[in-house]
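One structure is given here, and the rest of the page talks about it.
The values are calculated or read from the model by the stated rules, or taken from the named source; none is laboratory data. Values in this document were obtained by computation on a predicted structure and should not be read as measured data. Note that we place each Cβ from the backbone using ideal geometry, even for glycine, and neighbour counts take in every protein chain shown.
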Amino acid sequence: MTHFTVVSPHPDDAALSLGSTLAWWHRRGARFTFLTCFSRTRWAPRAASNGDVDSVTALRRLEDEAFAARFGEAARHRALGFDDEPLRPAARGAGGAAQRKEDVEQPLLVALREAMARHAPEPGPWVLPAGQFHRDHLLAMVAGIAAAGTHPLVFYEDVPYVLGVSMESVRRHMTGVSRRAGRELHALRFGAFDRDAWLSGVHCYRSQFIEDELADFSARLVARSGERLWADAQALSVMGALFV
Ligand SMILES: [Zn+2]
């Protein structure tokens, strides 16, 4: 049975970007470990506790656990506990001089990679954000590639951000991801877009969205023929077993 280590930069990213695909894999007996990287946050625009780090972090963890519970025994969820971008100190040195963002983030990347590797002991494909639009998504992608080591790699396009950009822009970005991963990547989809599965997944995240936003996202997903992934050759051969 195929096991997927699914890396979600924030709570809700796996549901937004992979809701239909995860349902398709689950129906074929796949198992999942969900790793939420930047789970410490004050962002909950639709909840009364918005702005309070401890209560929002706890609330969003419950939302993540409810999402994982949809897959029953086949899934487990781990919150890695890193601060999301608005909670991190700005990239400034003691004298106020701006440091290179990459230098400031190096220790964070190392810690993130180690946490991922510690919580994902099972072999099988790693499923990572493409990391095109948001700093936390980029960091999760870079750390994920390092943590995955020689395991097969799959990347998902970051919803909702990707809904507003051209396929050409995505393709250019994926060329860079491919270079960074040192693997050739192939675009693919799993089944037709399952709007019902997608909606019932994102409904676990009531602190984040109102119904109109979700209807808009899902309509735009339908318009672009659903969730698209990019897989290396090793992942394609492992996942081939799901098709039979
Ligand atoms: Zn996110």
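The table below lists the values:
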quantity	calculated
Helices (runs of 4 or more DSSP H) contained entirely in segment 130-244, each with at least 2 residues that are free of Cβ contacts under 8 Å to residues at least 60 places away in the same chain and under 18 Å from the mean Cα position of the chain (by Cα)	135-148, 167-181, 211-223
Lone qualifier among 196, 158 - being under 19 Å from residue 24 (Cα atoms) and in contact with a strand residue (DSSP E or B) (Cβ under 6 Å, 6 or more places away or on another chain)	158
Test for residue 200: is it surrounded by fewer than 20 Cβ atoms within 10 Å (Cβ to Cβ), at pLDDT below 95 and under 18 Å from residue 15 (Cα atoms)	no
Test: residue in segment 29-36 that is over 17 Å from residue 151 (Cβ atoms) and modelled with pLDDT of 95 or more	yes
Filter result for the condition that a residue is over 23 Å from residue 118 (Cβ atoms) and over 14 Å from the mean Cα position of the chain (by Cα), over 40, 70	70
Which listed residue is in contact with a helix residue (DSSP H, G or I) (Cβ under 8 Å, 6 or more places away or on another chain), more than 17 Å from residue 231 (Cβ to Cβ) and among the basic types (Lys, Arg), from 180, 220	220
